[in-house]
Amino acid sequence: MRAFLLFLPLALVSAGAYAQSPGNCMVSYPISFPMGNLHDYSSNTSFRGISFEFNKKTSPYTTAGLEVGWNVFYQHVDKKVYQEGTASITGVQYRYTNAVPIIAGVKYYKKTGSKAMRPFVGVGLGTIYVNRTTDFGLYEIVSDSWQFALRPEVGIDFKVASAQAFWLGAKYMWGFNTSNLDGQQWLSINIGFRSGL
Amino acid sequence: MRPLFPFFWGLFAVASLGGCYPSGPEYNSDLDLVYTNYSSDFGFAQKQTFALPDSVIEITGQVLENPGTRPAMLSSTYAIPILQQLAANMTKYGWTQVDKTNHPDVILLVSAMTTTNIYYYYDWDYWDWWYPDYYPSWGWYYPGFYYPPYVTGYKSGSVFIQMVDQSTVGAQAGNIAIVWSCILNGLAQGGTSDILSRISTNLNQAFTQSPYLKH
């Protein structure tokens, strides 16, 4: 995860430069609700995360681009007895899931009468790097996986100035099963800012 | 017109990442584990009596260096409360304590072991007192090569309890049937009273999660 943090300054510089070309940069804060297997493991809503998108305009109403994000899910499970056959083990668990989606996607902005608001829909394909770590007593159980991912989204742009807008959207990150970890899925509500066309 | 962008970028970065990574254990007891297992073929309900040594042995290696001699013993500061509470829990569950010469149904053997590991990681904050232009940071960085190997920097310890089925002793070519086992594992750090309190809590938990021992 440190590598991702080191990547941030680079992303910051790139975003500034990218915003000058025909396209846009979008940064957003996701509030994420775990679903499926991820929810079974860690049901808490995640308020930790960030997402960056770099999009090129491909027509007056469409863009294509790349999204990179980071979502942290955490659950503290109080002292509890776990049973397996005749064995019982009691302890506190700290469950961490770090997920880094890397998604190539397209967006379609709907034509509307209003210049201030533009709804959009999008779909993306890519991968999610998932690091799941369970601290249990003095032991740590770690699994890493790269999962094929699909990401549909909907949103709406609120233009605040020329080539600048706030946006609000919902994304469904849908990771698929791998040999060592079931597909990780979550629904996020993103509040963000867009710079560029 | 782009001046808003850096402002919002910074705002999001701070809101999303700034100092809000989830925390972990806060107290030594958060790292305690209680493990129990048993033989489902053994009829605990039909057994009535148990015996207990007066000391807890300290395991220092898989092989006893000088067979036939008395091994190292855990300090009585820890051993006596452990043995007393173990006996109390057995009695509470309907067992009767007898001397080892009075043909007990089961004998409880209690051992302890500790491990200290080596750590090659420590916080940069250690150098706050001396380093010129010090400021808080995230940690160390080794450009182009790996961190020195590091794992732990703590002393961990376990109390290991084995319940021996006395009817099998000597009957199976030297193999002793253990019908119940219990491991209390955690940090062997903190004050004596804190460690004893945690052992006490965990020993009670071992019996709570082993209801089949109850008569």
Selected residue [closer than 24 Å to A:MET26 by Cβ, of a type outside the set (A, V, I, L, M, F, W, C) and out of contact with any Pro (no Cβ under 7 Å at 6 or more places or on another chain)] from A:THR134, A:THR62: A:THR62
Flag for B:TYR122 being closer than 26 Å to B:ALA188 by Cβ, modelled with pLDDT under 90 and not in a strand (DSSP E or B): yes
So A:ASP157, is it charged (D, E, K, R) and part of a strand (DSSP E or B): yes
In the stretch A:50-65, how many residues are surrounded by fewer than 22 Cβ atoms within 10 Å (Cβ to Cβ) and among the aliphatic types (A, V, I, L, M)? 1
I'm told B:ILE195 meets every condition in (1) exposed (fewer than 13 other Cβ atoms within 10 Å of the Cβ); (2) at pLDDT 65 or above except one. Can you identify the failing condition by its number? (1)
A:THR112 fails exactly one of the following numbered conditions: (1) farther than 18 Å from A:ASN180 by Cβ; (2) surrounded by 13 or more Cβ atoms within 10 Å (Cβ to Cβ); (3) of a type in the set (S, T, N, Q). What is the number of that condition? (2)
Scan the stretch B:26-67 for residues that are facing chain A (nearest Cβ under 7 Å), free of Cβ contacts under 8 Å to residues at least 60 places away in the same chain and assigned to a loop (DSSP other than H, G, I, E, B) and jot them down. B:SER40
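Quick grid of which residues meet (1) within 10 Å of another protein chain (Cβ to nearest Cβ); (2) within 16 Å of the chain's Cα centre (by Cα); (3) in a strand (DSSP E or B); (4) modelled with pLDDT of 55 or more:
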site	(1), (2), (3), (4)
A:LEU10	no, no, no, no
A:ALA15	yes, no, no, no
A:SER21	no, no, no, yes
A:CYS25	yes, yes, yes, yes
A:ILE31	no, yes, yes, yes
A:PRO34	no, yes, yes, yes
A:SER51	yes, yes, yes, yes
Since B:THR60 meets every condition but one in (1) in contact with a Ser or Thr (Cβ under 8 Å, 6 or more places away or on another chain); (2) surrounded by fewer than 17 Cβ atoms within 10 Å (Cβ to Cβ), which condition does it not meet? (1)
Restricting attention to the stretch A:115-142, the residues that are in contact with a strand residue (DSSP E or B) (Cβ under 7 Å, 6 or more places away or on another chain) and loosely packed, with under 13 Cβ neighbours inside 10 Å number exactly 6
Can you confirm whether A:GLY91 is of a type outside the set (A, V, I, L, M, F, W, C) and either surrounded by fewer than 18 Cβ atoms within 10 Å (Cβ to Cβ) or more than 30 Å from B:ASN37 (Cβ to Cβ) (or both)? no
Among the candidates A:GLY91, A:GLY69, A:GLY85, residue that is modelled with pLDDT under 95 and either over 30 Å from B:PHE207 (Cα atoms) or of a type outside the set (Ser, Thr, Tyr) (or both): A:GLY85
Output for the stretch A:78-116, where each listed residue is of a type outside the set (Ser, Thr, Tyr) and within 18 Å of A:LYS57 (Cα to Cα): A:ILE103, A:ALA104, A:GLY105, A:VAL106, A:LYS107, A:LYS110, A:LYS111, A:LYS115
Does A:SER143 qualify as being under 30 Å from B:VAL34 (Cβ atoms), more than 12 Å from chain B (Cβ to nearest Cβ), of a type in the set (Gly, Ala, Ser) and free of Cβ contacts under 8 Å to residues at least 60 places away in the same chain? yes
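The values are calculated or read from the model by the stated rules, or taken from the named source; none is laboratory data. As the structure is a computational prediction, the values presented were derived from the model and not from experiment. All Cβ positions, even for glycine, are placed from backbone atoms using ideal geometry, and neighbour counts span all protein chains on display.
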